[in-house]
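The values are calculated or read from the model by the stated rules, or taken from the named source; none is laboratory data. This one's a predicted model, so the numbers in the text were calculated from it and none came from an experiment. Heads up, the Cβs are rebuilt from the backbone with ideal geometry, glycines too, and the neighbour counts pull from every protein chain shown. With ligands, DNA and RNA removed, areas are computed over all heavy atoms of the protein, side chains included. Shrake-Rupley method; radii C 1.70, N 1.55, O 1.52, S 1.80 Å.
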Number of protein chains: 2
Amino acid sequence: MSRSNLAENTCTAARAVELFADAWMMMILREMFLGTRRFDDLQCLTGVSPATLSQRLKKLEHIGVLCREAYQAHPPRYEYRLTAMGRDLWPVIVSMKAWGDRWLGSGEEPPVAIIHKHCGAAVTPHMVCPACHEPMEAHDSEPRLSPAFEHERQAARGQS
Amino acid sequence: MSRSNLAENTCTAARAVELFADAWMMMILREMFLGTRRFDDLQCLTGVSPATLSQRLKKLEHIGVLCREAYQAHPPRYEYRLTAMGRDLWPVIVSMKAWGDRWLGSGEEPPVAIIHKHCGAAVTPHMVCPACHEPMEAHDSEPRLSPAFEHERQAARGQS
DNA sequence: GCTATAACTTCAATATATGAAGTTACTATC
DNA sequence: GATAGTAACTTCATATATTGAAGTTATAGC
């Protein structure tokens, strides 16, 4: 993914996808949500090479989804923590997990359960409509494109 | 991402991430949810090269999230459609879009609105606990790892 | 002094993606 | 009936990114 037209995409979904739809980015974020904070743990628990991990952590920090915090000064040692922007990616990871549990699971108990602190239940969160509170899935919705975005897409079609 | 230990990962979230956390996979899926069905449209609307698109479509078909359907026999022409397994990825894309709208948007109206067919509202779906129906976010939950998964992770830590 | 640890960086080899162009088998138009 | 266009790809040389292994730096503890 290197085209400038994508980097400047009008579509916010495409921009998010461009940032995070990278195998290692998501693996790192998954680990962060499991509570992993340090370089070497992230490295061995995800299997990423140190060079790539280092590069991705810098990128994630640059985006603003995580921050480095020194936990000791001499020698300088850091841990990585999710920011509010990063924590807000929770639904993405949870959706991926739910899909994996449903379609890739072995039928047994999933390896990670999500406990709702409020009620104590082990749950698979699902999506609802904030207006009418009904559950929402793909077939309950349809996309409506803004005129500007529609125009951009027509231009892209024309170019081919 | 090529390590066999990841391909055989116990964690269903990691397995899902491994399949879809690829920039082009997600861009293609996003397009499919917008209703795009044909090779050349997918190619110009995502910006992926034909070679990569061809490879990714084969992979997506192999996974089972989309299927090829002939819409004309001579010459053979196909369109690509999401399967039930594919449509079930909707929350992943919607979560990415919601995040993008919130953190990457320009403050204006987002380029794509999601209309809930049932009530007609343009909405940003959110996650709720299926047990108590309260909204759920990162700080409302905690992960609980299965013993087997915990064991696998300890082994990975040890190896470093 | 010796060993261990954390957080990286470096490097050569390998793998993957890119853009541009080409291919195949038609249909539609002049 | 020749020419142009279209759809769905494939091919290829080049460019870019990733990998595994090893090295580096700064320090603590014995």
Condition first: on the phi > 0 side of the Ramachandran plot and within 16 Å of DNA strand D (Cβ to nearest atom). Can you find one or more residues in the stretch A:43-60 that meet it? yes
Restricting to the stretch B:34-61, give me the number of residues that are open to solvent by 40 Å² or more (accessible area, probe 1.4 Å) and either of a type in the set (A, V, I, L, M, F, W, C) or at pLDDT 95 or above (or both). 3
Kindly establish whether B:LYS117 is open to solvent by 70 Å² or more (accessible area, probe 1.4 Å), facing chain A (nearest Cβ under 7 Å) and within 24 Å of the chain's Cα centre (by Cα). yes
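Residues are listed down the side, and each one gets a yes or a no for (1) more than 30 Å from A:LEU42 (Cβ to Cβ); (2) free of Cβ contacts under 8 Å to residues at least 60 places away in the same chain:
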position: B:GLY107; (1), (2): yes, yes
position: B:VAL123; (1), (2): yes, yes
position: B:HIS126; (1), (2): no, yes
position: B:GLU134; (1), (2): yes, yes
position: B:PRO143; (1), (2): no, yes
position: B:ALA148; (1), (2): no, no
position: B:GLU152; (1), (2): no, no
Quick one: how many residues across the stretch B:76-89 are more than 7 Å from every other protein chain (Cβ to nearest Cβ), of a type outside the set (Val, Ile, Thr) and more than 16 Å from DNA strand D (Cβ to nearest atom)? 2
Sole exception among (1) more than 13 Å from DNA strand D (Cβ to nearest atom); (2) of a type outside the set (Phe, Trp, Tyr); (3) within 12 Å of chain B (Cβ to nearest Cβ) for A:GLU18, by number: (1)
Just a yes or no: is a residue in the stretch A:52-60 under 25 Å from B:ARG102 (Cα atoms), assigned to a loop (DSSP other than H, G, I, E, B) and not aliphatic (A, V, I, L, M)? no
Would a scan of the stretch A:21-31 turn up a residue that is under 28 Å from A:LEU145 (Cα atoms) and crowded, with 22+ Cβ neighbours inside 10 Å? yes
Would you be able to say whether some residue in the stretch A:90-109 is facing chain B (nearest Cβ under 7 Å), part of a loop (DSSP other than H, G, I, E, B) and surrounded by 21 or more Cβ atoms within 10 Å (Cβ to Cβ)? no
Going residue by residue through the stretch A:122-131, is there one that turns out to be within 16 Å of DNA strand C (Cβ to nearest atom) and either assigned to a helix (DSSP H, G or I) or over 19 Å from the mean Cα position of the chain (by Cα) (or both)? no
Qualifying positions in the stretch B:29-78 - near DNA strand C (Cβ under 10 Å from one of its atoms), among the small types (Gly, Ala, Ser) and over 14 Å from A:ARG153 (Cα atoms): B:SER49, B:ALA51, B:SER54, B:ALA73
Considering only residues that are facing chain B (nearest Cβ under 7 Å) and either open to solvent by 30 Å² or more (accessible area, probe 1.4 Å) or out of contact with any His (no Cβ under 6 Å at 6 or more places or on another chain) (or both), which ones fall in the stretch A:123-135? A:THR124, A:PRO125, A:HIS126, A:MET127, A:VAL128, A:PRO130, A:ALA131, A:CYS132, A:GLU134
Within the stretch B:106-159, residues being more than 30 Å from B:GLU31 (Cα to Cα) and among the polar types (S, T, N, Q) number 4
